[in-house]
1. What percentage of the solvent-accessible surface of the chain, computed with a 1.4 Å probe over protein heavy atoms, is contributed by carbon and sulfur atoms?
2. When a/c is below 1.5 the answer is rounded, else prolate if a/b is larger than b/c, else oblate, so apply that to segment 1-49 with a ≥ b ≥ c taken from the square roots of the Cα gyration tensor eigenvalues.
3. What FRET efficiency would be calculated for the residue pair residue 93, residue 27, taking the C-beta separation as r and a Förster radius of 30 Å, to the nearest 0.05?
4. How much of residue 37 can a 1.4 Å solvent probe reach, expressed as accessible area in Å² and rounded to 10?
5. Could you pull out the longest piece of the chain with no exposed loop GluC sites (Glu not before Pro) in it, calling a site exposed if DSSP puts it outside H, G, I, E, B and it has at most 13 other Cβ atoms within 10 Å?
6. Let me make sure I get this right: for segment 34-76, a, b and c are the square roots of the gyration tensor eigenvalues over alpha carbons, sorted descending. Under 1.5 in a/c it's rounded, otherwise prolate if a/b > b/c, else oblate. Which is it?
7. Ignoring everything but the protein chains, give the 1.4 Å probe accessible area of residue 19 in square angstrom, nearest 10.
8. Give me the net charge of residue 86's neighbourhood, meaning all other residues with Cβ under 15 Å from the Cβ of residue 86; Lys, Arg count +1, Asp, Glu -1.
Amino acid sequence: MPAYVVFIREKTHDQSELDAYRAAVATSLEGVPVKMLAAYGAQVVLEGPVPEGVAIAEFPSVTAVTDWYHSPDYQRVVQHRFKGATYRAIIVEGL
């Protein structure tokens with residue numbers, strides 16, 4: 001069953017850290033079965049606060065998302081995102 005990971009950027013603190021994250025994150029996805037569905041495009045907010053940005057990726061399963069997220073490759077890269085901005089990350093199981 002597919003799973004979707006949604007990253008919601010609430011507030012940027014250090015753009016240079018986000019730039020470092022963007023430059024390195026692709027290497028953590030090499031060989032990972034992922035399809036990017038949306039990445040920081042225009043938004044129409046229907047309810048709630050307006051986030052700075054949203055990214056959505058499709059994985060084949062929740063396990064595939066968590067395996068990638070907790071992998072050593074991604075954990076080295078994600079530290080830049082943690083320093084660069086406040087985010088929420090959510091996994092949603094597909095139908």
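1. Values: 3450 of 5910 Å².
Within the chain, the accessible surface is 58 percent carbon and sulfur.
2. Values: a/c = 2.55, a/b = 1.12, b/c = 2.29.
Note, shape of segment 1-49 comes out oblate.
3. On the way: r = 27 Å, r/R0 = 0.90.
The value I calculate is 0.65.
4. Its heavy atoms expose roughly 90 Å² to the probe.
5. On the way: sites that count: 30, 47.
Between the exposed loop sites, the longest stretch runs 48-95.
6. Numbers: a/c = 2.57, a/b = 2.08, b/c = 1.24.
Prolate is the answer for segment 34-76, as a/c is 1.5 or above and a/b outweighs b/c.
7. Rounded to the nearest 10, that gives 80 Å².
8. On the way: positive: 9, 11, 81, 83, 88; negative: 10, 14, 17, 52.
So the environment of residue 86 carries a net charge of +1.
The values are calculated or read from the model by the stated rules, or taken from the named source; none is laboratory data. In this text the structure is predicted, and so the values were computed from the model without any measurement. Cβ coordinates were reconstructed from backbone atoms using ideal geometry, including for glycine residues, and neighbour counts include every protein chain displayed. Note: accessible area is taken over every heavy atom of the protein model, side chains too, but ligands, DNA and RNA are not part of it. Shrake-Rupley method; radii C 1.70, N 1.55, O 1.52, S 1.80 Å.
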